[in-house]
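Trainee: Handing you a structure now.
The values are calculated or read from the model by the stated rules, or taken from the named source; none is laboratory data. These numbers come from a predicted model, not from an experiment. Reconstructed Cβ throughout: ideal geometry from the backbone, glycine too, with neighbour counts over all protein chains shown. We work out accessible area using only protein heavy atoms, side chains counted, and drop any ligands, DNA or RNA first. Shrake-Rupley method; radii C 1.70, N 1.55, O 1.52, S 1.80 Å.
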Amino acid sequence: SIGQVDQVFAAVGRAYNSTMIAGNATIDARYLYAEVLGRLSIPLNHTEEVCQESYRLFIKHAPLRINSHLWELINVLNKEGITTSLTSNTAFVKGTAIEAFLKSLELDKQMLFNVYSDQVGYGKPHAAIFDELLNRLHVMNRPIQASRILHIGDDPICDKKGAEQMGMHAILIDS
């Protein structure tokens, strides 16, 4: 049933988030899908097909959880000359899919760059993903001290605690 599928995805997602909070390396999306299929007693030889279809569906059916006020805020910040970037923990959806989604809505132009956990190898709250953000700013000749960065996120541990441990300011919003 749809309810069972939803419960399994939620359980695998929670387990993955716990691994991020514990500071472990990221897990490839194919493994997460294989875990879901296994729990649903679906043959694992369908894993790649499910991964590809989820990517296609993610692009075709935009997520509805994006807070419209967030994009208004980013527009205001950009107009004021304040640099904005996206740092995201990825799980079932890879960074490349998020990039394609942002591009399809022309939101990719709002960010100077994006950092995704599947590309860094670690997710928030791990220092490696925040270090990557700082490194990219440095490479782009925009070096900035961590204490001058405001990290906006929706998770008290991954976003707020992770950023604050790096010396950044952080606020939580509802996504």
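Trainee: Name the long-range amide H neighbours of residue 122: under 5 Å, sequence gap of 5 or more, or other chain; modelled H, no Pro or chain starts.
Mentor: When sequence neighbours closer than 5 places are left aside, the close amide H contacts are 26.
Trainee: Let me ask another. Using θ = phi - 60° and the Karplus curve 6.51 cos²θ - 1.76 cosθ + 1.60, what whole-Hz ³J(HN,Hα) does each residue of the range 148-165 get, with Gly and Pro shown as x?
Mentor: Karplus values, whole Hz, x for Gly and Pro: 9, 10, 10, 9, 10, x, 10, 10, x, 8, 4, 8, 5, 5, x, 5, 5, 5.
Trainee: Here's another thing I want to ask about it. Summarise the accessible area of the chain (1.4 Å probe, protein heavy atoms) by the percent that is carbon and sulfur.
Mentor: Working: 5730 of 10410 Å².
On the chain, the fraction of accessible area on carbon and sulfur atoms equals 55 percent.
Trainee: Would you mind checking the pairs 103/161; 79/160; 109/160 and listing those with alpha carbons more than 28 angstrom apart?
Mentor: Values: 103/161 30 Å; 79/160 25 Å; 109/160 25 Å.
Beyond 28 Å between Cα atoms: 103/161.
Trainee: List residues of the range 86-118, by number, whose backbone nitrogen lies under 20 Å from a label position 7 Å along Cα→C-beta of residue 22.
Mentor: Taking a point 7 Å out along Cα→Cβ of residue 22, the residues of the range 86-118 whose backbone N falls under 20 Å are 89-92, 117-118.
Trainee: Next up: Report the label-to-label distance for residue 107 and residue 145 in nanometres (one decimal), using points 7 Å from each Cα along the Cα→Cβ vector.
Mentor: Output for this residue pair reads 3.3 nm.
Trainee: Apply the Debye scattering formula to the chain, with a single equal point scatterer on each alpha-carbon and no solvent, then give log10 I(q)/I(0) at q = 0.09, 0.14, 0.16 Å⁻¹.
Mentor: Values, matching the q order: -0.34, -0.81, -1.04.
Trainee: Same structure again: Quick check for me: using +1 on Lys/Arg Cβ and -1 on Asp/Glu Cβ, what's the dipole size of the chain about its Cα centre, in debye to the nearest 20?
Mentor: Working: 16 positive and 19 negative charges, 42 e Å.
With Lys and Arg at +1 and Asp and Glu at -1, about 200 debye.
Trainee: At 222 nm, what helix-only mean residue ellipticity would the chain give, in deg cm²/dmol to the nearest 500, using -39500 (n - 2.57) for each DSSP H run of four or more?
Mentor: Working: 8 runs with 88 residues, N = 175.
Roughly -15000 deg cm²/dmol at 222 nm, from the helical runs in the chain.
Trainee: What accessible area per residue, rounded to a whole number of Å², is obtained for the range 101-143 using a probe radius of 1.4 Å? Show your work: numbers first, answer last.
Mentor: Details: 2260 Å² over 43 residues.
Result: 53 Å² per residue.
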